[in-house]
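A.B. asks: Sharing a structure below in C-alpha cells format, with a few things to ask.
The values are calculated or read from the model by the stated rules, or taken from the named source; none is laboratory data. Please read all numbers here as calculations on a predicted model, not as lab measurements. Counting neighbours? That spans all protein chains shown, and the Cβs are built from the backbone with ideal geometry, glycine included.
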Amino acid sequence: MNQHFTEITLKATGAAALGESEVIQRLWSGYGKIVRVGLEYEVEGRAPSLQSVVVKHVHWPDEKHHPRGWNTGRSHERKVTSYQVETAFYEQWANRCDASCRVPHCLALETHGDEVFMVMEDLDASGFGGRRNAVTPAEIRACLSWLAHFHAEFMGQKPVNLWPTGTYWHLETRPDELAELDDPRLKAAASAIDRKLGDSRFQTFVHGDAKLANFCFAPDGRVAAVDFQYVGGGCGMKDVAYFLGS
C-alpha cells in the first residue's frame with residue numbers, strides 16, 4: 001500500500017499505524033486484491049473499536065488475462081464499470097441496508113487515476129466469520145431472507161449510478177458467452193427469457209452476483225453479503241435463481 005492510501009486508511013480508522021496484513025483474495029483477472037489489515041493505536045489500556053479493516057485495492061492491469069479466454073476490450077470496460085458501480089452503491093445506497101440485509105460499513109472510498117481504494121468494515125471481526133461450501137436448509141432460508149429484504153428495500157427505485165440492468169450474467173453484455181453456448185434450444189430462447197425478466201412487474205435492485213461465496217455467516221444464523229460490483233436494476237428472481245444454482 002502506498003503512502004497516499006495508507007494515510008486514507010489511518011484517517012478513516014483513527015489508528016496510528018497499520019499492523020499485519022493478509023491477502024484474502026486476489027481479484028478476477030489480475031485487477032488487484034482484497035486485504036485484511038490490522039490496526040495499531042497509540043493509547044494503551046483501552047480496547048479500540050476497530051482491530052482490523054478490509055481493504056479492496058483495484059488497479060487496472062497492464063495486460064488483461066481472463067482464465068476462460070474472454071480477453072476483450074468489452075470485458076475490460078465492464079470490469080472498470082463494475083468497480084465504479086460498487087463505489088456508487090456504497091456512497092449512495094448502502095446506508096439503506098439495515099440488519100435484515102446486512103452489508104459491510106464503508107469507511108473510506110478513493111478513486112485515483114486507474115486505481116480504486118475502499119476501506120471496509122471487517123465482517124469477520126463483526127461476527128460474520130463463517131463461509132460455506134455447502135449449506136443447511138436454515139442457512140438457505142437465511143440467505144433468501146437477506147435477498148427478500150434487499151429486494152423489498154429497493155423495490156421500484158431507479159438504479160442511479162448502478163447498472164441499468166444488474167447481474168453478472170446479463171444477455172446484452174454477454175455476446176461472447178452466448179456465441180459459445182452449445183445448447184441450441186437455450187440459445188434460441190435466450191432473448192425471450194431476457195425480455196420476460198425485463199418486462200416483469202416488480203423491478204428492484206438485484207445484488208447481481210448472489211452466489212454462496214458472497215454470503216458471510218454468523219453463529220446465530222444471521223448473514224451479511226459482500227461484493228456489489230454488479231448491483232443494478234432487475235427482477236429479484238435473478239438473484240434467487242443464481243443463489244440456488246450456486
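A.B. asks: With the checklist (1) under 28 Å from CYS235 (Cα atoms); (2) out of contact with any strand residue (DSSP E or B) (no Cβ under 8 Å at 6 or more places or on another chain); (3) in a loop (DSSP other than H, G, I, E, B) in hand, flag the one item GLY127 doesn't pass.
C.D. replies: (1)
A.B. asks: Every residue in segment 85-127 that is within 23 Å of HIS4 (Cβ to Cβ), at pLDDT 90 or above and surrounded by fewer than 14 Cβ atoms within 10 Å (Cβ to Cβ), please.
C.D. replies: Across segment 85-127, the qualifying residue is only GLU91.
A.B. asks: Kindly list the number of the only condition in (1) within 21 Å of the chain's Cα centre (by Cα); (2) surrounded by 16 or more Cβ atoms within 10 Å (Cβ to Cβ) that fails for LYS158.
C.D. replies: With (1) within 21 Å of the chain's Cα centre (by Cα); (2) surrounded by 16 or more Cβ atoms within 10 Å (Cβ to Cβ) applied to LYS158, the lone miss is (2).
A.B. asks: Mind listing whichever residues of segment 99-122 are free of Cβ contacts under 8 Å to residues at least 24 places away in the same chain and under 17 Å from the mean Cα position of the chain (by Cα)?
C.D. replies: HIS105, CYS106, LEU109
A.B. asks: Here's a follow-up. Of the conditions (1) at pLDDT 95 or above; (2) surrounded by fewer than 16 Cβ atoms within 10 Å (Cβ to Cβ), CYS143 fails just one. Which one is it?
C.D. replies: Condition not satisfied by CYS143: (2).
A.B. asks: State whether the residues of segment 163-180 include one that is within 24 Å of VAL85 (Cα to Cα), small (Gly, Ala, Ser) and in contact with a helix residue (DSSP H, G or I) (Cβ under 7 Å, 6 or more places away or on another chain).
C.D. replies: No, segment 163-180 contains no residue that is within 24 Å of VAL85 (Cα to Cα), small (Gly, Ala, Ser) and in contact with a helix residue (DSSP H, G or I) (Cβ under 7 Å, 6 or more places away or on another chain).
A.B. asks: A further question follows. Quick one: ARG131 ticks every box in (1) modelled with pLDDT of 95 or more; (2) touching a helix residue (DSSP H, G or I) at 6+ places or on another chain (Cβ under 6 Å) bar one, so which box is it?
C.D. replies: (2)
A.B. asks: For the structure I just gave you, tell me whether ALA210 is in contact (Cβ under 8 Å) with a residue 12 or more places away in the chain, touching a helix residue (DSSP H, G or I) at 6+ places or on another chain (Cβ under 7 Å), over 30 Å from GLY130 (Cα atoms) and of a type in the set (A, V, I, L, M, F, W, C).
C.D. replies: no
A.B. asks: Let me ask you something else. Of the residues ALA188, ALA152, ALA179, which is under 16 Å from ARG74 (Cα atoms) and more than 17 Å from the chain's Cα centre (by Cα)?
C.D. replies: ALA179
A.B. asks: Moving to a separate point now. Say we look at segment 28-57 and pick out the residues that are touching a strand residue (DSSP E or B) at 6+ places or on another chain (Cβ under 6 Å) and at pLDDT below 90; which of these is surrounded by the most Cβ atoms within 10 Å (Cβ to Cβ)?
C.D. replies: Once the filter is applied, the top-ranked residue is GLY32.
A.B. asks: Looking at segment 196-204, can you tell me whether even one residue there is farther than 21 Å from GLY129 by Cα, in contact (Cβ under 8 Å) with a residue 24 or more places away in the chain and in a helix (DSSP H, G or I)?
C.D. replies: yes
A.B. asks: Determine the pairs where a residue that is within 30 Å of TYR168 (Cα to Cα) and hydroxyl-bearing (Ser, Thr, Tyr), located within segment 16-40, has a partner that is modelled with pLDDT of 90 or more and not in a strand (DSSP E or B) with Cβ atoms under 8 Å apart, the partner being 6 or more residues away or on another chain.
C.D. replies: TYR31/TYR83
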